[in-house]
Amino acid sequence: MRKLNIFILILLFLLLSLSLSAQVYLGVYLGENARLNNPKNQKEGLFVHKVVSDSPASKAGLSEGDVIILAGDEKVTSLDHLYDILKNYDVGDDLPINYLRNGEEYKTIIKLVSKDDYKLNQFERKIQELLEQSKTFIYRFESQDDKVIGVELKKLQDENKGLEIINIIPNSPAAEANLQVGDIIIKVDNIQLEKNIQFVDYLQTLDEGAKVKLQIIRGNKTSFIEVEVVERKSIIK
């Protein structure tokens, strides 16, 4: 069962944003909840987690931390919405993009190319095929540069808000801060948590070495614990 779960996780880890469309390739890893990723952002949009080197998005000047708010002349509200927009474009078309960077709005144009023009390794191609076959588009992926504290979380099954810690990585900041399996994280830096991805996305907005304040419930007691943020590669080899 554990091997099966690991395999499923591997499939979910990759967002090949080029899979947003069956034909075109952008070269960005995107996330929703742009306001959570960048609290200064006052508009809805898609948060740019990563930009693939030498990709159309990179050549258009997009970079990590940008927030895409318009594609063509439409406001981008979700990944599904962007997918629908891209259905109206073909390889070779110019896609006008409006995006936010440090609170300022900019415009650029992405020259859409065929995904077949870019070489993918065998693993990436297999993941891409599986994603296309299932019509499932996952926006989060994991990399060794991701920011973490060393916990595995799950959403509570009842209506209570919060995330339960189900695993703690040994020698991680979470372990050093004495977090325990069974603790329920209610808030991170005053942000109410309801979904795992909220916590994951928020950590990506922070620098390595930053501290986050967690409000947790342990048994019948509520307390606050400060935990350092590190890169995944520092605790998971």
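The values are calculated or read from the model by the stated rules, or taken from the named source; none is laboratory data. Keep in mind that this is a model prediction, so the values were computed, not measured. Don't worry about glycine lacking a Cβ; one is built from the backbone with ideal geometry, like all the others, and counts go over all protein chains shown. These area figures cover heavy atoms from the full protein model, side chains too; ligands, DNA and RNA do not enter into them. Shrake-Rupley method; radii C 1.70, N 1.55, O 1.52, S 1.80 Å.
Within the stretch 169-193, which residues are touching a Leu at 6+ places or on another chain (Cβ under 8 Å) and either open to solvent by 30 Å² or more (accessible area, probe 1.4 Å) or polar (S, T, N, Q) (or both)?
Matches in the stretch 169-193: ILE184, LYS187, ILE191.
In the stretch 64-107, what residues are open to solvent by 50 Å² or more (accessible area, probe 1.4 Å) and among the polar types (S, T, N, Q)?
Selection gives THR77, ASN88, ASN102.
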